[in-house]
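Chemist: Let me begin by handing over the structure; questions about it come next.
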Amino acid sequence: MSDKATLEYNGQKYEFPIIKGSEDELAVNIKTLRGVSGGLITIDPGYKNTGSCESAITFLDGEKGVLRYRGYSIEELAEKADFLEVAYLLIFGELPNKEQLEAFHVDIKNESHVDEEMKKILDAFPKSAHPMGVLSSLTSALIAFNPVSVNVTSNAEMYGAIVRILAKFPVLVAWTLRKKKGFPLDYGDDSLGYVENIHKMMFKKPSQEYKKNKQVIDALDQLLILHADHEQNCSTSTVRIVGSSHAGLFASLSAGISALWGPLHGGANQAVIEMLEAIEADGGDTKKYMAKAKDKNDPFRLMGFGHRVYKNFDPRAKIIKKAADKVLEDLGIDDPILEIAKGLEKEALEDQYFVDRKLYPNVDFYSGIIYRALGIPTEMFTVMFALGRLPGWIAQWREMRLNNEPIGRPRQIYTGANQRPFVNLDKR
Ligand code: ACO
């Protein structure tokens, strides 16, 4: 196999090296293209064919439906590891041993306080504010209360920043929910596990003791693992590109949260439930909505279907579907929208339009059903996604800074007006 690719343009040939990844993926390295060709650039809207970096964190093969964090399959991790172990693995590259995991958890607990002044910022938001906007703002506001800029060449400083955000972010998530519910803002309990503590912070009622529900905690833990990283998706690329200007970790994460918010990305889990509720309210006619999804004159899309990278199945969707069935059974919930979801899935998998375009249920098709069963309000679903994605964003930001990547600055092909003389206001 050739280790070079040749581009021919205007009678000139230019050679570019081929880069090979550890799973044999190939890329043409066009780093020198513009310089050697006298100005040629490539254009690739949506970056469908463009690799922005080399990364050792997550591998996915969209054709085969493979997803691995640091070499471990998502199926094994979802079954055998807990979220904090996965966070450590993603960020530092190896599974922690018992002592490392314990020390990591202790360090996180020691940073779990959020400055009381932050409550005033939260207070200023109307209750109707979307939780993703609130979370992004609060994450950004954290910088003001932790103003030390991180020297990324210092392991200790890097570790400190990572532990701080892993500790404080769940408090912000819980406060965002509690504000929405009108509950008093609360802190966690250091005697609890990381995810159990998050659950307690979110749901403990002011006048009741918190009671652990193992099935709920396990389901939540698994959902967070499934969302923990997904290589260079929209929000992760945002985190990396913001961080590439040497903006700090918290600022980069705040931008990532905004990117995740959109319904074509993390916001899809909220959009899925709203779509299923709308279909139910409209009489439950799934065929009508299938027809709408296929009609090119109708902007309606079947939310939770399709993926930029997975073109056969989303391995996370398989795990989540099983988990959704189990959670609903364990909690004794009979949710009519689950039937609508199953109906839509069956029809779409047999429909030529969806088959031809390789549109399969993605991770968000079923995650919303579990979140709903766990009592999480629909508007909070994407916040839960952000909570799960946090370790992935941190790992990607850390990798980008440690690799000393250059500032992200794409080029463009200008299609606007050519130079023209200015026309004074009285002449226009
Ligand atoms: N319903 C109906 N048609 C669809 C859908 C859908 N959900 N998704 C894609 N298509 C069609 C498009 O109309 C297009 O048809 P055409 O070739 O006839 O023009 C074709 O399939 C390809 O679609 P693109 O939008 O070009 O595919 P792309 O890879 O750019 O988009 C995306 C992927 C954004 C996920 C898209 O499938 C979508 O909008 N899905 C619904 C939203 C969703 O579930 N997002 C969550 C993604 S997972 C995540 O972020 C965690």
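The values are calculated or read from the model by the stated rules, or taken from the named source; none is laboratory data. Please read these numbers as outputs of a predicted model, since none were measured by experiment. Cβ: placed from backbone, ideal geometry, glycine included. Neighbour counts: every protein chain shown. Calculation scope for accessible area: heavy atoms of the full protein, side chains included, ligands and nucleic acids excluded. Shrake-Rupley method; radii C 1.70, N 1.55, O 1.52, S 1.80 Å.
Chemist: Any chance region 204-227 includes a residue that's surrounded by fewer than 22 Cβ atoms within 10 Å (Cβ to Cβ), within 16 Å of the ligand (Cβ to nearest atom) and under 30 Å from Pro184 (Cβ atoms)?
Modeler: Looking for residues that are surrounded by fewer than 22 Cβ atoms within 10 Å (Cβ to Cβ), within 16 Å of the ligand (Cβ to nearest atom) and under 30 Å from Pro184 (Cβ atoms), one finds none in region 204-227, hence no.
Chemist: A further question follows. Is at least one residue of region 342-359 open to solvent by less than 20 Å² (accessible area, probe 1.4 Å), out of contact with any strand residue (DSSP E or B) (no Cβ under 7 Å at 6 or more places or on another chain) and of a type in the set (Val, Ile, Thr)?
Modeler: no
Chemist: Here's something else I'd like to know. Which of the residues spanning region 77-122 are of a type in the set (D, E, K, R) and without any contact (Cβ under 8 Å) to a residue 24 or more places away in the chain?
Modeler: Glu79, Lys80, Glu85, Lys98, Glu99, Glu102, Glu116, Lys120 - these are the residues of region 77-122 that are of a type in the set (D, E, K, R) and without any contact (Cβ under 8 Å) to a residue 24 or more places away in the chain.
Chemist: Anything in region 300-316 that is more than 9 Å from the ligand (Cβ to nearest atom) and open to solvent by less than 10 Å² (accessible area, probe 1.4 Å)? List them, or say none.
Modeler: The answer is Pro315, and nothing else.
Chemist: Turning to a different aspect of this structure: Filter region 272-294 for residues that are within 8 Å of the ligand (Cβ to nearest atom) and open to solvent by less than 30 Å² (accessible area, probe 1.4 Å); which is farthest from the chain's Cα centre (by Cα)?
Modeler: It comes out as Ala293.
Chemist: Given (1) at pLDDT below 95; (2) exposed (fewer than 15 other Cβ atoms within 10 Å of the Cβ); (3) within 16 Å of the ligand (Cβ to nearest atom), where does Asn297 come up short, assuming only one miss?
Modeler: (1)
Chemist: Here's something else I'd like to know. Sort through Lys181, Lys205 and tell me the only one that's more than 24 Å from Met158 (Cα to Cα), basic (Lys, Arg) and in contact with a Pro (Cβ under 8 Å, 6 or more places away or on another chain).
Modeler: Residue meeting the stated conditions: Lys181.
Chemist: Six or more apart or on different chains, Cβ under 6 Å: which pairs go from a residue in region 139-165 that's among the acidic types (Asp, Glu) to one that's in a loop (DSSP other than H, G, I, E, B)? Could you list them?
Modeler: Taking only residues 6 or more apart or on different chains, the pairs are Glu157/Val150; Glu157/Asn151.
Chemist: Output yes when any residue across region 14-21 is open to solvent by less than 90 Å² (accessible area, probe 1.4 Å) and either within 16 Å of the ligand (Cβ to nearest atom) or part of a loop (DSSP other than H, G, I, E, B) (or both), and no when none is.
Modeler: Yes, because at least one residue in region 14-21 is open to solvent by less than 90 Å² (accessible area, probe 1.4 Å) and either within 16 Å of the ligand (Cβ to nearest atom) or part of a loop (DSSP other than H, G, I, E, B) (or both).
Chemist: Can you pull out the residues in region 373-427 that are assigned to a helix (DSSP H, G or I), over 18 Å from the mean Cα position of the chain (by Cα) and surrounded by 10 or more Cβ atoms within 10 Å (Cβ to Cβ)?
Modeler: Ala373, Arg401, Leu402, listed by residue number.
Chemist: Here is a check on your reading of the model: is Gly35 in a helix (DSSP H, G or I), farther than 30 Å from Ile319 by Cβ and out of contact with any Lys or Arg (no Cβ under 8 Å at 6 or more places or on another chain)?
Modeler: yes
Chemist: Would you be able to say whether some residue in region 286-309 is part of a loop (DSSP other than H, G, I, E, B) and of a type in the set (Val, Ile, Thr)?
Modeler: Yes, some residue in region 286-309 is part of a loop (DSSP other than H, G, I, E, B) and of a type in the set (Val, Ile, Thr).
Chemist: Any idea how many residues of region 41-56 are within 16 Å of the ligand (Cβ to nearest atom), open to solvent by 50 Å² or more (accessible area, probe 1.4 Å), without any contact (Cβ under 8 Å) to a residue 60 or more places away in the chain and not in a helix (DSSP H, G or I)?
Modeler: 2
Chemist: Scan the helices (runs of 4 or more DSSP H) fully inside region 82-188 and keep the ones with 3 or more residues being open to solvent by 70 Å² or more (accessible area, probe 1.4 Å).
Modeler: 98-109, 155-181
Chemist: Please work out if Leu192 is open to solvent by less than 40 Å² (accessible area, probe 1.4 Å) and under 21 Å from Ile257 (Cβ atoms).
Modeler: When the stated conditions are applied, Leu192 does not pass them.
Chemist: Right, here's the next one. Taking region 231-250 on its own, how many of its residues are within 12 Å of the ligand (Cβ to nearest atom) and in contact with a helix residue (DSSP H, G or I) (Cβ under 6 Å, 6 or more places away or on another chain)?
Modeler: Within region 231-250, residues that are within 12 Å of the ligand (Cβ to nearest atom) and in contact with a helix residue (DSSP H, G or I) (Cβ under 6 Å, 6 or more places away or on another chain) number 3.
Chemist: Of all the residues that make up region 57-76, how many are touching a residue at least 12 places away in the same chain (Cβ under 8 Å), assigned to a helix (DSSP H, G or I) and open to solvent by 10 Å² or more (accessible area, probe 1.4 Å)?
Modeler: Of the residues in that region, 1 qualify.
Chemist: Can you find a residue that is more than 12 Å from the ligand (Cβ to nearest atom), among the aliphatic types (A, V, I, L, M), surrounded by fewer than 20 Cβ atoms within 10 Å (Cβ to Cβ) and not in a helix (DSSP H, G or I) anywhere in region 251-260?
Modeler: Among the residues of region 251-260, not one is more than 12 Å from the ligand (Cβ to nearest atom), among the aliphatic types (A, V, I, L, M), surrounded by fewer than 20 Cβ atoms within 10 Å (Cβ to Cβ) and not in a helix (DSSP H, G or I), which makes the answer no.
Chemist: Consider only pairs whose beta carbons are under 8 Å apart and that are at least six residues apart or on different chains; among these, list those whose first residue lies in region 224-237 and is closer than 17 Å to Tyr194 by Cβ and whose second residue is away from the ligand (no atom under 11 Å from the Cβ) and among the acidic types (Asp, Glu).
Modeler: From residues that are closer than 17 Å to Tyr194 by Cβ, the pairs are Ile225/Asp82.
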